[in-house]
Amino acid sequence: MYTQSCLSETLRHRRQKLAALIDFPAVLWSGGSSPRNFAANLFPFRANSHFLYFAGFPLENAAIRLERGNLQLFIDDPHPSSALWHGETPTREEIAAKIGADDARPLTELKDYLENVATLAVQDATTWTKQSQLLDRWILPRQVPEGIDLQLAKAIISLRIIHDEAALVELRKAAAVSVEAHQAGMAATRKAKLEAEVRAAMEAVIMGYNMTTAYTSIVTVHGEVLHNGHYHHSLQPGDLLLADVGAETETGWAADITRTWPVSGKFSSTQRDIYDIVLAAHDACIEKIAPGVEYGDIHLLAAGIIAEGLVDLGILRGKPEDLVKMDLHALFFPHGIGHLLGLDVHDMEDLGDLAGYEEGRKRSDRFGLSYLRLNRPLKPGMLVTIEPGFYQVPGILNDPKVRDQYQYLVNWERLEQFADVRGIRIEDDVLVTESGSEVLTAALPNKAEEIENLVLGDR
């Protein structure tokens, strides 16, 4: 069992590793809640991930100061009246003991400990405005850090990108619950009339483990809309349902799984043809994962297999390798093969491409590569997603310029025969090991026949 002493030891080890990388103090803020419409009606609070990595608990309106391996906690004791609305909550000293803090002070005293400190921006406006005021420099989200803030960012990236054992315990929990949620979603499809009913069944499993979703769930018959957040469509027998749903543990660690299944319980012949191409790309990419392998090469492997499959089906014309060079695959597979996974579902993307891209690299301006979120060699301890897909996006395929440019390379008449395939994605969470990889979400089947059996159940 993972005990409080294990947690405090893990946090101590993390801050000692940080101390070996930087020679200046750092302050990380947790952030605060934002009101939905009036002050007392708040959105659910989610602590800043960099804060969580070193503090261990989702504390609200708190900050930690890290220097030479020591941790100072700055947080106010709860107001006496808060017990009426929120019940008894831990005191500052009790929290400090849980996380192994060396010192604990009221938040108002933080201003006296900010000389020459580095920091990273928090997403909520109230907090990053406060950060900027206290440090007398702009600390803005979505802006690449500079100076010692950049040095801090790079140091934290080097730690967070390789998961320690404590992180893996949490990531495995999130993966297991997410697998169970997807199984519940497939079972619920048997009687569901709306996407919303399947979503409810999936998120009920996650809530039952006292977890939350790691991102806004995608449960849709319109899988061609990559981040579809609507759930009002009815489920029809010929539809494919794409579900991209992942759990987040109480301490912020995420899973990210996608499965696509037929509402009727049986893929049509055209749906099965495309599904098997996507699955072939998925399996080949996971097989290739190992230390030292370039993630960009894994993406190109998926692109090549998808292009080859579409040539075999008569949808594309030409040699697959040439089609990939011309970005033809991206007409149907426009996004990258995956991303880092950890405390954030797209881990550390609050820092832009600093985490996802090896130093000295930048995003390509090619259509087939510009959405690649991860471009660096793989190392043991990294957790990545593998999520190839096929989508018929009207905004791409119906563009007159696209039709004209690729009139001889795409067999548009043949493509029309696959109109019942709006979107298919298959996604798993893959840990890079010393000798290869481990699929943390392997308990959830992905072969077409297995998917059909899960949906059909006893019908």
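For E287, what accessible surface area do you get with a 1.4 Å probe? Give it in Å², rounded to 10.
Accessible area, nearest 10 Å²: 150 Å².
Quick one: length gained pulling E9 to E250 fully straight, 0.36 nm per residue minus the C-alpha distance?
Computed gain between E9 and E250 is 84.9 nm.
Per DSSP helix of 4 or more residues, -39500 (n - 2.57); summed, then divided by the residues of the chain. What does that give at 222 nm, rounded to the nearest 500?
Per the formula, -11000 deg cm²/dmol.
What is the gain in length, in nm to one decimal, between Q405 and K379 on full extension, counting 0.36 nm per residue of separation less the C-alpha to C-alpha distance?
5.4 nm
For L235, list long-range residues whose amide hydrogen, built 1.01 Å from N in the peptide plane, is under 5 Å from its own amide hydrogen.
It is L194, E195, by chain and number.
Can you list the lysines whose alpha carbon sits under 17 Å from that of K379, skipping same-chain ones fewer than 8 residues off?
Excluding near neighbours in sequence, the set is K154, K288.
How big is the charge dipole of the range 25-143 about its Cα centre, in debye rounded to the nearest 20, if each Lys and Arg gets +1 on its Cβ and each Asp and Glu gets -1 on its Cβ?
Here the range 25-143 has a charge dipole of around 500 debye.
Note down the accessible area of C6, probe 1.4 Å, to the nearest 10 Å².
In the full protein context, C6 sits at about 50 Å².
Whole-Hz Karplus ³J(HN,Hα) for the range 91-97, in order, using 6.51 cos²θ - 1.76 cosθ + 1.60 and θ = phi - 60°, x for Gly and Pro?
7, 4, 5, 5, 5, 4, 5
Taking a probe of 1.4 angstrom, what is the accessible area of M348 in Å², to the nearest 10?
Here the residue's solvent-accessible area equals roughly 0 Å².
With r defined as the distance between the Cβ atoms of K154 and F367 and R0 fixed at 25 Å, what FRET efficiency is calculated, to the nearest 0.05?
That pair, K154 with F367, gives E of 0.25.
Ranked by accessible surface with a 1.4 Å probe, highest first, in what order do H346, H227 come?
The ordering from most to least exposed comes out as H227, H346.
Output ³J(HN,Hα) for the range 334-340: one whole-Hz value per residue in order, computed from phi by the Karplus curve 6.51 cos²θ - 1.76 cosθ + 1.60 with θ = phi - 60°, and x for Gly and Pro.
My calculation for the range 334-340 gives x, 9, x, 6, x, 6, 5 Hz in order.
Dipole size in debye (nearest 20) for the chain around its Cα centre, Lys and Arg Cβ +1, Asp and Glu Cβ -1?
Dipole magnitude for the chain comes out near 440 debye.
In what sequence, largest accessible area first, do S217, S33 appear using a 1.4 Å probe?
Ranking S217, S33 by accessible area, largest first, yields S33, S217.
Given labels modelled 7 Å from the Cα in the Cβ direction, how far is it in nm from L21 to S435?
With each label point 7 Å from Cα toward Cβ, the separation is 2.9 nm.
Put a dot 7 Å past each Cα toward the Cβ at L135 and T91; how far apart are the dots in nm?
Distance between label points: 3.2 nm.
For L42, which sequence-distant residues (separation of 5 or more, or a different chain) have an amide H within less than 5 Å of its own amide H, given hydrogens modelled in the peptide plane?
R36
I want the antiparallel fraction of DSSP beta bridges within the chain, as a percent rounded to 5.
90
Hey, which lysines would be in cross-link range of K130, C-alpha to C-alpha under 22 Å, not counting anything within fewer than 8 residues on its own chain?
Hits, sequence-local ones excluded: K111.
Given the range 1-131, what percent of its DSSP beta bridges are antiparallel, to the nearest 5?
Of the beta bridges lying entirely in the range 1-131, close to 70 percent run antiparallel.
Given H placed on each backbone N at 1.01 Å, which residues far from T441 in sequence or on other chains put an amide H within less than 5 Å of it?
D429
Just the accessible area per residue of the chain, please: how many Å² with a 1.4 Å probe? Don't skip to the answer; put the middle values down first.
On the way: 20610 Å² over 459 residues.
Spelled out: the 1.4 Å probe surface of the chain, per residue, equals 45 Å².
With N denoting the number of residues in the range 17-144, provide Rg(C-alpha) divided by 2.2 N^0.38 Å, to two decimal places.
Working it through for the range 17-144, the quotient is 1.06.
Report the extension gain between T270 and K193 in nm, rounded to one decimal, defined as 0.36 nm multiplied by the number of residues separating them, less their alpha carbon distance. Walk me through the numbers before you get to the answer.
On the way: separation 77, 0.36 × 77 = 27.72 nm, distance 2.37 nm.
25.3 nm is the gain from fully extending T270 to K193.
Between E115 and F38, with labels modelled 7 Å along Cα→Cβ, what's the label distance in nm to one decimal, could you check?
4.7
Pairing the Cα long axis of helix 125-135 with the longest principal axis of the chain, what angle in degrees results, from 0 to 90 and rounded to the nearest 10?
Orientation of helix 125-135: about 50 degrees from the principal axis.
Given the convex hull of the Cα atoms of the chain, what is a quarter of its surface area in nm²?
23.7
Taking a cut-off of 17 Å between Cα atoms, list the aspartates and glutamates near K325, but don't count ones fewer than 8 places away on the same chain.
Partners found: D297, E308, D365.
Excluding D239 itself, calculate the net charge of residues whose Cβ lies under 13 Å from the Cβ of D239, where each Lys or Arg counts +1 and each Asp or Glu counts -1.
Net charge in that neighbourhood comes out at 0.
The values are calculated or read from the model by the stated rules, or taken from the named source; none is laboratory data. Model, not experiment: these values are computed from the prediction. Using ideal geometry, Cβ is built from the backbone for each residue, glycine included, and neighbour counts are taken over all protein chains shown. Just the protein is used for accessible areas: all its heavy atoms, side chains included, with ligands, DNA and RNA removed. Shrake-Rupley method; radii C 1.70, N 1.55, O 1.52, S 1.80 Å.
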